[in-house]
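Data first, discussion second: the structure below is written as structure tokens.
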Amino acid sequence: AQALFERRKGSGRNAEEWLDLVALGTVSDIVPLNGENRTLVKRGLQLIRQGRRLGLGSLLRVARKDPSIVSAGDIGFILGPRLNAAGRMDSALLAYKLLVTKDVLEAGSVAQKLDNQNSGRQELTKDLQIWVADQVGDLEGKFLISNFSLAEFDYTRYETKSGSGIMGLVASRLVENYYRPAIIGTAEEEGVIRASCRSIPEFHITRALDECADLLVRHGGHSMAAGFTVAMENRDFLVERLNQIAERELAAKGLQPTLVADMEIPLDDLPVNALVDLKRLEPTGQDNP
């Protein structure tokens, strides 16, 4: 983006005026906050605090957050989820409208709609998680959670027509609760199933899908998250093979979540100005500290 601006110097636009969006995208996509990224996010946060973009200020106020003290954490837990809720529940155009509006009344109205959509997204994610867990049943002896029937869920009381936009969120919640790789999918009109996968450090989900490539229309991802499309007639074969791979890789491992800490410090050993020193690390987030 910077190179593009430099090539169009006569446009009268300054690349720095977009750093609030750079900060928004960097934190929301969980990009490492070190090196140049940290500098860009720090400067972008300054723009958000100044209220340069009406929509972001309105969205923060709707969430009862003072825009003048917004942090990287607020992007990750307040702004990001509400902007993403638009695309998950309906259309991402509503989030776009919030980011470009110059009208204070429109900014307030759209911000409230996004906040409502996020509340609906949270409720639907929780209900779908419970519904899938009930369908899966007892996990004794199981090394993988899979459900491809989200299309059968009753969405009439929610402001969305399907759960396709939150499959990854549901899978993530299942991984958190049961510490098993989780695959959540829904049937589509073309006779295929589209699915999202989330995993645990002990199981490289994309490598597992690589071993099933002959059954898939397409797939891609990384060690902890992936997505794929599979023809309806290959679903059962895929589930069987993935379960075999999961058992092969995980049967000898104790599936328990592990908290990794750099060190243990008793509160009595912390200096009085520790909080001040920690503030100097801001903006903090992925890989910082």
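No lab work stands behind these numbers, since they all come straight from the coordinates. Keep in mind it's a predicted model, so treat the numbers as computed, not measured. Heads up, the Cβs are rebuilt from the backbone with ideal geometry, glycines too, and the neighbour counts pull from every protein chain shown.
Would you work out the charge dipole size for the stretch 49-132 about its Cα centre, treating the Cβ of every Lys and Arg as +1 and the Cβ of every Asp and Glu as -1, and quote it to the nearest 20 debye? If you can, show how the numbers build up before the last one.
Working: 13 positive and 8 negative charges, 51 e Å.
Charge dipole of the stretch 49-132: 240 debye, to the nearest 20.
If you take the Cα atoms of the stretch 1-120, find Rg, then find the Kirkwood Rh from the mean of 1/r over all pairs, what is Rg/Rh? Kindly include the intermediate steps, with their values, before the conclusion.
Details: Rg = 14.3 Å, Rh = 14.7 Å.
Result: Rg/Rh = 0.98.
Full extension from residue 272 to residue 122: what is 0.36 nm times the residue separation minus their Cα-Cα distance, to one decimal in nm?
Full-extension gain reported as 50.1 nm.
Let me know the charge dipole size of the chain about its Cα centre in debye, to the nearest 20, where only the beta-carbon of Lys, Arg (+1) and Asp, Glu (-1) is charged. Before the final figure, lay out the partial values.
Details: 35 positive and 40 negative charges, 286 e Å.
Roughly 1380 debye for the chain.
What is the Cα coordinate range of the stretch 138-258 on the first, second and third principal axes, sorted by size from largest, in whole angstrom?
42, 32, 25
For residue 7 and residue 190 in one chain, what is 0.36 nm times their gap in residues minus the Cα-Cα distance, to one decimal in nm?
On the way: separation 183, 0.36 × 183 = 65.88 nm, distance 4.36 nm.
Extending this stretch completely gives an extra 61.5 nm.
Using only the alpha-carbon atoms of the chain as identical scatterers, what base-10 log of I(q)/I(0) does the Debye formula give at q = 0.06, 0.07, 0.15 Å⁻¹?
Each listed q corresponds, in turn, to -0.25, -0.34, -1.23.
Under the Kirkwood approximation applied to all pairs of distinct alpha-carbon atoms, what is the hydrodynamic radius of the stretch 120-175 in Å?
It is 11.8 Å.
Please give the charge dipole size of the stretch 128-277, origin at the Cα centre, charges +1 on K and R Cβ atoms and -1 on D and E Cβ atoms. Round to the nearest 20 debye.
340
How about the stretch 159-257: which trypsin sites (Lys or Arg not before Pro) there are in a DSSP loop, with at most 13 other Cβ atoms within 10 Å of their Cβ? Could you put the intermediate results ahead of the total?
Numbers: sites: 161, 173, 194, 198, 207, 218, 235, 241, 248, 253; in loops: 161, 253.
Loop-located and lightly packed - 161, 253.
Choose one answer from 95, 133, 274: the residue with the largest mean-square fluctuation in a GNM of the chain with alpha-carbon springs under 10 Å.
Taking springs between Cα atoms under 10 Å, the residue moving most is 274.
Specify which residue in the list 44, 146, 245 is farthest towards the positive end of the charge dipole of the chain, using unit charges on the beta carbon of Lys, Arg (+1) and Asp, Glu (-1), about the Cα centre.
44
Where the centre of each part is set by its Cα atoms, how far does the stretch 68-130 sit from the stretch 140-208, in angstrom?
Between the Cα centre of the stretch 68-130 and that of the stretch 140-208, the gap is 22 Å.
Give me the distance in nm between label points sitting 7 Å out from Cα along the Cα-to-Cβ direction at residue 162 and residue 69, one decimal.
It works out to 4.4 nm between the two label points.
How would 167, 263, 224, 232 line up from fewest to most surrounding beta-carbon atoms within 10 angstrom?
263, 232, 224, 167
Which of 68, 146 has the fewest other C-beta atoms within 10 Å, and how do the rest follow up to the most? Display every interim value, and only then the final one.
On the way: 68 11, 146 23.
By the 10 Å Cβ count, ascending, the order reads 68, 146.
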